[in-house]
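One structure is given here, and the rest of the page talks about it.
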Amino acid sequence: MNMKSIAYWAATTLIALETFVGGITDLLHGGTELIAGPPVVGIVTHLGYPVYILSILGVWKLLGAVVIVAPGLPRLKEWAYAGVFFELSGAAASYVLHGEITSDLAAPLILIALAMISWALRPEGRVLGVLFPIRTNAHVALKATTRG
């Protein structure tokens, strides 16, 4: 295993576990730190969200975590990573917009970084397509001659 592969699997394992455990926690209305943390219901309602949002997020988190680690499924992986990013950036924005720029803000920001690392380091078989295709002069010249 090379360093890229090790970094990918480390980041992916952490973000998938956090997403999976977070989904279970949301569905069970558990504590934010598995058992001993403050209940997620208190945090969500304090930030102004209805309690039922936890059921919606919980289901999507469980599905997203499974898709991220499952082999293949490149299009679903893109959606799962996007969902993780939206959920975590929404959590960070909620804290900021609620005026709570405290240590609570660090967790979603760190997890966003982990999700982005996992997404960026995906092996070829887990990628839907190339984000920025490399254009060579030969490719551009070939395209110009076929147009005309």
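What follows is calculated from the coordinates using simple rules that are stated; it is not laboratory data. These figures come from a predicted structure and were not determined experimentally. Cβ atoms come from the backbone with ideal geometry, glycine included; neighbour counts cover every protein chain shown.
Can you confirm whether Val84 is assigned to a helix (DSSP H, G or I) and farther than 26 Å from Thr13 by Cβ?
Details: assigned to a helix (DSSP H, G or I): yes; farther than 26 Å from Thr13 by Cβ: no.
No: the conditions fail for Val84.
Residue-by-condition table, conditions (1) exposed (fewer than 13 other Cβ atoms within 10 Å of the Cβ); (2) under 17 Å from Gly125 (Cβ atoms); (3) of a type in the set (A, V, I, L, M, F, W, C):
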position	(1), (2), (3)
Asn2	yes, yes, no
Asp26	no, no, no
His29	no, no, no
Val40	no, no, yes
Gly48	yes, no, no
Leu63	no, no, yes
Val69	no, yes, yes
Leu76	no, yes, yes
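Residues being within 19 Å of Val21 (Cβ to Cβ) and under 14 Å from the mean Cα position of the chain (by Cα): count how many of those fall in the stretch 68-88. Give the steps one after another, and end with the answer.
First pass over the stretch 68-88, keeping only residues within 19 Å of Val21 (Cβ to Cβ): 68-70, 80-81, 83-88.
Now drop any that are not under 14 Å from the mean Cα position of the chain (by Cα), which leaves 68-69, 80-81, 83-88.
Residues flagged as within 19 Å of Val21 (Cβ to Cβ) and under 14 Å from the mean Cα position of the chain (by Cα) within the stretch 68-88 amount to 10.
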